[in-house]
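Q: Here it is, the structure, as structure tokens.
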Ligand SMILES: [Zn+2]
């Protein structure tokens, strides 16, 4: 049931609700799962008197969740599970998020809110392109569409030609996708002479992979739409934890369901608002698998806890800069692939794909290559400019190598931006 008043609560009221829900969550873990409770240091729920006391609790990591495969941290009986989603287990055991009936309701609620924040209503036609399978994206967008009563096209991943055909013929107004998929759609549209301006598409809701402001601008111009950046992960119950609103001044995270902390990834110290660090999430309303102080790996900062221009009072964090484990160190310089992308996409000739290849030469020194797809060659001055910006803003000295658009291998699933052979 959609309740807009929950999104405009006073901060004081919101924090009171968070505290009581946090106490309830810890009580439930204490009662239902001794292993999990032990991991929390068996802190008494009575010792959590303020939100600041959350800092007394240890962090939960992805490794902890993997070690608990499949359900060892679950806080309900298996008979109460209704369904599950699973994070891609590219390395090690996967993470499973089981859902109770109430968890599905919670998911519907937050996804419905996300659609509303992105100006989507029951009048819209939503094309859902993330897969309907173990990753959480497809089902999240589906539950949200049901919550707001919108018509949706559950096409799922791939089949790009069919996507374009249905988008046009079924008059989709909203596209939901993994954030690099719109580029694939645009690429195929170009080959097919398909014009997005002849469709009814007006809104894009994208997430799951880091996408820079430059990439966003390119998608918005290419498709003639307004885009919204949605966040959420399997470990916290799936997509829909937050989204940027029409004001586009930070991503709101639904604070009646989640507590947000930003920490120094090295020391674990909680940082002041505005300082950049790793986002840590505590779920307040998840039944089957509540997560306490989960280290998400996403790098961001708190933009504001004040009321937004849209009227919502829930916290806003910056668009993600990357993941803590995406950070590269080359010859002592720390940087994120997103910083390189930002510079590359300033040049219209650059297509969207690029690869950073790190290696060692025979003498053991680190080497870096940057291979960039282009639609047409860059002038000498442009290349010089690109090199200067990479050196000045990112701190790396590299001669970019250019290949034709489409020449970099494109494996299915997430884009491969970094190859580290060191
Ligand atoms: Zn807002």
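Q: Take residue 285 and decide whether it is touching a residue at least 60 places away in the same chain (Cβ under 8 Å) and in contact with a strand residue (DSSP E or B) (Cβ under 7 Å, 6 or more places away or on another chain).
A: no
Q: Kindly indicate which of 403, 398, 374 is crowded, with 16+ Cβ neighbours inside 10 Å, at pLDDT 90 or above, farther than 24 Å from residue 329 by Cα and touching a strand residue (DSSP E or B) at 6+ places or on another chain (Cβ under 7 Å).
A: Result: 374 is the single residue among 403, 398, 374 that is crowded, with 16+ Cβ neighbours inside 10 Å, at pLDDT 90 or above, farther than 24 Å from residue 329 by Cα and touching a strand residue (DSSP E or B) at 6+ places or on another chain (Cβ under 7 Å).
Q: Here is a check on your reading of the model: is residue 123 out of contact with any strand residue (DSSP E or B) (no Cβ under 7 Å at 6 or more places or on another chain), surrounded by fewer than 23 Cβ atoms within 10 Å (Cβ to Cβ) and within 28 Å of residue 74 (Cβ to Cβ)?
A: Here the answer is no, as residue 123 does not meet what is asked.
Q: Moving on. Any chance segment 351-362 includes a residue that's surrounded by fewer than 21 Cβ atoms within 10 Å (Cβ to Cβ), within 16 Å of the ligand (Cβ to nearest atom) and touching a residue at least 60 places away in the same chain (Cβ under 8 Å)?
A: no
Q: Further, regarding this structure: Consider residue 73 carefully, then state whether it is assigned to a loop (DSSP other than H, G, I, E, B) and surrounded by 14 or more Cβ atoms within 10 Å (Cβ to Cβ).
A: yes
Q: Turning to a different aspect of this structure: Looking at residue 209 and the list (1) more than 16 Å from the ligand (Cβ to nearest atom); (2) without any contact (Cβ under 8 Å) to a residue 60 or more places away in the chain; (3) not in a strand (DSSP E or B), which single condition is not satisfied?
A: (2)
Q: Hey, another quick one. Can you tell me how many residues in segment 237-257 are more than 16 Å from the ligand (Cβ to nearest atom) and either over 21 Å from residue 138 (Cα atoms) or over 13 Å from the mean Cα position of the chain (by Cα) (or both)?
A: Qualifying residue count for the region: 1.
Q: Same structure, new question: Take the residues in segment 311-328 that are under 23 Å from residue 106 (Cα atoms) and in contact with a helix residue (DSSP H, G or I) (Cβ under 7 Å, 6 or more places away or on another chain); name whichever of them is surrounded by the most Cβ atoms within 10 Å (Cβ to Cβ).
A: Per the stated criteria, the residue is 314.
The values are calculated or read from the model by the stated rules, or taken from the named source; none is laboratory data. Note that the structure is predicted; figures quoted are calculated from it, not measured. All Cβ positions, even for glycine, are placed from backbone atoms using ideal geometry, and neighbour counts span all protein chains on display.
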